[in-house]
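Structure first, commentary second.
The values are calculated or read from the model by the stated rules, or taken from the named source; none is laboratory data. Predicted, not measured: the structure shown is a model, and the values here were computed from it. Note that we place each Cβ from the backbone using ideal geometry, even for glycine, and neighbour counts take in every protein chain shown.
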């Protein structure tokens, strides 16, 4: 699979099979993704990889705190800025409504929506979970570096036939995650990720979020300048 196909076929998988993913394969994915760029090569990230009993310990501990659903323990940063306005608010709304519609959960079915929420906290059944943390001294530039690393992992996983789901929901459970993984005080939990093989036949994996067309978010300039063309184009 080339990188273009990996980008086009990557999606947030919300139901995985129980097919195992070996530590060797996860290491191979991370060994490739570690070449992601970061500003001045500071590499401000840390990853905890969970499988087996450790993964289940986290899942059990979080799901046992159902009195905190759906907001969890709160986050240390804003996942979405307060007062989100259109078109961003509308896109977020569309994403949520399309996802719930794919599994026939109407807005008034609060129990059904909580049930879907709980699946987040089981990594959607994926056998491997990853937790990403960043040194607290870092600012927004380094947070962008973290995003590049995460994307690199997701695309590399696609190259190996796997799927992923980046999960900021874990930031809402940072206290429990920090305790179980012994994350030191100088690091902040950024997000989690589910990693495994997609359950291709599940309705929740049959829809895709929409994207703007290129001309809706891009401004081009200078391409009508003859000096911008290569010798072959002249």
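State which residue is surrounded by the most Cβ atoms within 10 Å (Cβ to Cβ) when the search covers only segment 13-22 and only residues that are farther than 13 Å from residue 202 by Cα and touching a residue at least 12 places away in the same chain (Cβ under 8 Å).
21
Considering only residues of segment 1-25 that are within 16 Å of the chain's Cα centre (by Cα) and in a helix (DSSP H, G or I), which is nearest to residue 138 (Cα to Cα)?
For segment 1-25, the residue satisfying everything is 7.
Please go through segment 168-189 and pick out each residue that is surrounded by 21 or more Cβ atoms within 10 Å (Cβ to Cβ) and free of Cβ contacts under 8 Å to residues at least 60 places away in the same chain.
The one that is surrounded by 21 or more Cβ atoms within 10 Å (Cβ to Cβ) and free of Cβ contacts under 8 Å to residues at least 60 places away in the same chain: 170.
Please pick out the residue among 157, 111 that is more than 24 Å from residue 77 (Cβ to Cβ), in contact with a helix residue (DSSP H, G or I) (Cβ under 8 Å, 6 or more places away or on another chain) and either part of a helix (DSSP H, G or I) or at pLDDT 95 or above (or both).
157
Which members of segment 190-224 meet the condition of being closer than 27 Å to residue 75 by Cα and surrounded by 15 or more Cβ atoms within 10 Å (Cβ to Cβ)?
190, 191, 192, 193, 194, 195, 196, 204
Within segment 13-22, identify whether any single residue is within 16 Å of residue 152 (Cβ to Cβ) and in contact with a helix residue (DSSP H, G or I) (Cβ under 6 Å, 6 or more places away or on another chain), and answer yes or no.
No, that holds for no residue.
Regarding segment 75-82, can at least one residue be identified that is touching a strand residue (DSSP E or B) at 6+ places or on another chain (Cβ under 6 Å), touching a residue at least 60 places away in the same chain (Cβ under 8 Å) and at negative phi?
yes
So if I check each of 169, 153, which one is under 19 Å from residue 204 (Cβ atoms) and in contact with a strand residue (DSSP E or B) (Cβ under 9 Å, 6 or more places away or on another chain)?
169
Which is under 21 Å from residue 25 (Cα atoms) and modelled with pLDDT of 95 or more, of 181, 162, 189?
Step by step, each of 181, 162, 189 is checked, and only 162 is under 21 Å from residue 25 (Cα atoms) and modelled with pLDDT of 95 or more.
In the set 25, 50, which member is in contact (Cβ under 8 Å) with a residue 24 or more places away in the chain and in contact with a strand residue (DSSP E or B) (Cβ under 7 Å, 6 or more places away or on another chain)?
50
Could you say whether any residue in segment 30-49 is within 20 Å of the chain's Cα centre (by Cα), surrounded by 15 or more Cβ atoms within 10 Å (Cβ to Cβ) and more than 17 Å from residue 151 (Cα to Cα)?
no
Within the bounds of segment 114-133, is there any residue that is over 26 Å from residue 51 (Cα atoms), out of contact with any strand residue (DSSP E or B) (no Cβ under 6 Å at 6 or more places or on another chain) and without any contact (Cβ under 8 Å) to a residue 24 or more places away in the chain?
The answer is no, given that none of the residues of segment 114-133 is over 26 Å from residue 51 (Cα atoms), out of contact with any strand residue (DSSP E or B) (no Cβ under 6 Å at 6 or more places or on another chain) and without any contact (Cβ under 8 Å) to a residue 24 or more places away in the chain.
Is it true that residue 136 is surrounded by 15 or more Cβ atoms within 10 Å (Cβ to Cβ), at pLDDT 95 or above and over 19 Å from residue 122 (Cβ atoms)?
Judged against the criteria, residue 136 is not a match.
For residue 61, state whether it is in contact with a helix residue (DSSP H, G or I) (Cβ under 7 Å, 6 or more places away or on another chain) and over 26 Å from residue 207 (Cβ atoms).
Against the criterion (in contact with a helix residue (DSSP H, G or I) (Cβ under 7 Å, 6 or more places away or on another chain) and over 26 Å from residue 207 (Cβ atoms)), residue 61 qualifies.
Considering only residues that are surrounded by 12 or more Cβ atoms within 10 Å (Cβ to Cβ) and not in a helix (DSSP H, G or I), which ones fall in segment 61-108?
Selection gives 65, 69, 70, 72, 73, 75, 76, 84, 103, 105.
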